[in-house]
Structures are given as C-alpha cells and as structure tokens.
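A quick write-up on the structure given underneath.
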Amino acid sequence: MSVTLKQLAEMSGLSIRTVNRVLKNQAHVHPEKRELIMRLARDHNYIPNMAARNLRLNCSKFVGILSNLDQHTPEIYIQKMQNLEICLKSKGYYPIIGKYDMNQSVLEKILADWSGIAEFVIVTAGNKALLCELFQRYPLTPIYIDRDDIEDSHLLRIDRTTGIRDAISTLIQDGKKCILHCGQQENRKYGIEAAFLATPANKRPEKLQIPAWGSFENGRKLAPKILKSGADAVFFDTDRMALGFLNYAAEHKIKIPEKIAVIGFDDDPAGRQIYPALSTVAHPVDALNQAILSIIENKPEKNVNMSFPTRFIRRQTS
C-alpha cells in the first residue's frame, strides 16, 4: 500500500505544506529536507491521490474502462462497450478506455495515469493476481464485470444459465426429439443441463454435441455435419456461429425452422436483421450498466456483489 501525504509528513518530521512543496517540485525547501522527503516517497511508494482531490472539488467525472479490445474482438463485444460509454456519458461522465496488457509495466502505467483523474475503473478483462496487486497500490476503485474469482471488490456477474435454460426448455416443450449443442464453452453447458434436469426423464430428447470454437466460419463449415446428425434443433455458443449456419442453410435452400430450429447466444444486431430473424439469448446489458452507474454515483461503503440473468428472445428460427 502507498502512504498518504500526511503519513509522509509524520515520517519526515516536517509539515504537510513542506512535503507538498517538495512533491510539487517547488522552490525554497532546504536540499537536505528535499532529499529526505523524496527518499521516503520512493521507499514507501507514495502516489499523489489526485482522484481524492478531484472528488473534493466535485470534478472527478472520468471513469476508466479496462478491456481487451483488438482487431479480433467480436462486434457484439464492441457494441456492449459502446453501450456502456453511452450510458456513462448520458450521466455526465467521461469514459477513458485502456487496453488490458499482460505486460505488468504497461498496465501499471495505465493505472498510474488514471490515478490523477479517475476514481473508478470498470474491469472487463485481466489476470486476477496482477490486477488485485496493482489496485492495492493505486487510489482507484475497481468494478469487476463477469468474474467468478474476485473477492473484496465490487463484482457484477452475468448468469448465462437462466437464458439458455429457458431456450432449451422451449425447444423441449415444442416437442423437439434431438437437440444438438454446437460449441465448447463450459458456461453454456450449465443452462442446457438445467433444462434437461427440469424435464421428466421419459420426456427428455436426445442430446448431442459438436465441440467447436464459436466463429462464423465454423458455423458454416460444420453445417453439413449438423444437418446429417439427425438433430431437429441446434443451440450455438454464439450468434456468429449460428449466422454461419444460417448462411449455409440459405445458400442450400434449407428451410429454417422447418428442417431444424436454430438458437444462438449474444443478441448480435445482425441476428435481428436477417430473415428468418435469429432466436437468441441476450446479455443483461441495460441492467448491468445501471448497476455500474449506481456504484459510481452512490459510492457504497460495502462492496456490491450482484448477478444478472440472461434472457431468451424467441424469433423466427425456433
């Protein structure tokens, strides 16, 4: 932990005013006193808490967002980030984006720079151990999004089980005899299992899986295998994958959902714009953003720990 200005003054035996003058590199301080203060500041990891000063002046309106955006980032993730930015700006805040880097020195520089202007940092990606260690050193309050391994901090989680369970349950109620899961993300399997467990054993359909990464290309490439599997319904890990399958189906004049019902995950805008419109499971974007705003505006003394359910949106492919 870094020390405060007051603690530096106490350790040096000098006044807060003198210590402050040295740290601001102002004149008229004896060289020996200057050297003592600078040495203590280095040894005890002193970081000017500009965020606290800005807060007292009612001008701490900047909010950091740590993400892993790059050229390979899916469009739906970019859209969620944009929605968060719009939400913050609508309340008078100024979001600043920092690309998460596994390089500690890079991440440390980002947090050091933000310490002068921001109070809160929304964390959407990153290594737990490194982040927790760095946030102990800087006057910043993290708000972790969708993590299961964080304690003693604000944490807002996404419950993927709810929406997927409802989607699969709908397929079962529709009388589907064989449901295929195309993908390999573990958190998708929990919702599927929940739907099957809630169904009497004598009414459960056959369950199949084709493990694959959830890309558009894989959805298209695996389409022949899916169609030959005998499944009359398929749940894809992502909308991108589902759109790849639908692209293949349209090209080969395969009727959807007559031949096979299709459900994706993410509520990608493209899924609403195609025909037939893609059934999907949607993230709790608005509720999540409102919770973030509530923490920033109300500054609760106790850490907020909340979970937000996903929801099934039925459209024309199921």
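Here, each number is a calculation from the coordinates, and none is a lab measurement. These numbers were taken from a predicted model, which means no experiment stands behind them. Reconstructed Cβ throughout: ideal geometry from the backbone, glycine too, with neighbour counts over all protein chains shown.
Listed highest first by mean packing, meaning other Cβ atoms within 10 Å per residue, what order do 176-186, 295-305 come in? Could you put the intermediate results ahead of the total?
Values: 176-186: 18.5, 295-305: 12.1.
By packing density, highest mean first, the sequence is 176-186, 295-305.
Could you order the peptides 193-199, 143-149 from most to least packed, using the average number of other C-beta atoms within 10 Å per residue? Let's see the in-between values first.
Values: 193-199: 15.6, 143-149: 18.0.
Peptide ranking by packing, descending: 143-149, 193-199.
Near the amide H of ILE96, under 5 Å away, which other amide H atoms are found, from residues 5 or more places off or on another chain, if H is placed in the peptide plane?
Placed amide hydrogens put VAL63, GLY64, ILE65 under 5 Å from ILE96.
Report, in deg cm²/dmol and to the nearest 500, the calculated mean residue ellipticity at 222 nm for the chain, where each DSSP H run with n ≥ 4 adds -39500 (n - 2.57) and the sum is divided by the residue count. Spell out each step's value before the answer.
Working: 14 runs with 141 residues, N = 318.
Helix contribution divided over all residues of the chain: -13000 deg cm²/dmol.
Tally Lys/Arg at +1 and Asp/Glu at -1 over every other residue whose Cβ is under 9 Å from the Cβ of SER279; what's the total? Display every interim value, and only then the final one.
On the way: positive: ARG314, ARG315; negative: none.
The answer is +2.
Pull up the cross-link candidates among the aspartates and glutamates for LYS203, meaning alpha carbon to alpha carbon under 15 Å and not fewer than 8 places away within one chain.
LYS203 reaches ASP174, GLU193.
Write down, largest first, the equivalent ellipsoid semi-axes of segment 226-318 in whole Å, where each equals the square root of 5 times an eigenvalue of the alpha-carbon gyration tensor.
Working: eigenvalues 264, 30, 16 Å².
So the three semi-axes of segment 226-318 are 36, 12, 9 Å.
How charged is the neighbourhood of SER307? Take every other residue with its Cβ under 13 Å from the Cβ of SER307, and add Lys/Arg as +1 and Asp/Glu as -1. Each step should come with its number before you reach the end.
Numbers: positive: ARG147, ARG157, ARG160; negative: ASP146, ASP148, ASP159.
Computed value for this residue: 0.
In Å, the Kirkwood hydrodynamic radius of segment 171-281 over pairs of distinct alpha carbons?
Working: mean 1/r = 0.0722 Å⁻¹.
For segment 171-281, inverting the mean 1/r across all distinct Cα pairs yields 13.9 Å.
Using each residue's phi in segment 247-254, evaluate 6.51 cos²θ - 1.76 cosθ + 1.60 at θ = phi - 60° and report the 3J(HN,Hα) Karplus result to the nearest Hz, with x for Gly and Pro.
Per residue, the Karplus-derived 3J(HN,Hα) values read 4, 5, 4, 5, 5, 9, 6, 8 Hz.
Once the other residues with Cβ under 15 Å from the Cβ of GLY163 are scored (Lys, Arg +1; Asp, Glu -1), what is the net sum?
Values: positive: ARG157, ARG160, ARG165, ARG188, LYS189, ARG311, ARG314, ARG315; negative: ASP146, ASP159, ASP166, GLU193, ASP237, ASP239, ASP266, ASP267, ASP268, ASP286.
My count for the surroundings of GLY163 gives -2.
Nearest 10 degrees, 0 to 90: what angle lies between the long axis of helix 104-114 and the longest principal axis of the chain (Cα atoms)?
Between the helix axis and the principal axis of the chain, the angle is about 70 degrees.
What angle, in degrees between 0 and 90 and rounded to the nearest 10, separates the Cα long axis of helix 285-298 from the longest principal axis of the Cα atoms of the chain?
Once rounded, the angle reads 20 degrees.
Tell me, in nm to one decimal, what length is gained between TYR275 and TYR190 on full extension, where the rule is 0.36 nm per residue of separation less the Cα-Cα distance?
Details: separation 85, 0.36 × 85 = 30.60 nm, distance 2.94 nm.
Full extension from TYR275 to TYR190 adds 27.7 nm.
Between helix 160-173 and the chain, what is the angle of the helix's C-alpha long axis to the longest principal axis, kept within 0 to 90° and rounded to the nearest 10?
Once rounded, one gets 10 degrees.
Please give the FRET efficiency for CYS178 paired with ASN45, using the beta carbon to beta carbon distance and R0 = 51 Å, rounded to the nearest 0.05.
Details: r = 60 Å, r/R0 = 1.19.
E(calc), rounded to 0.05, equals 0.25.
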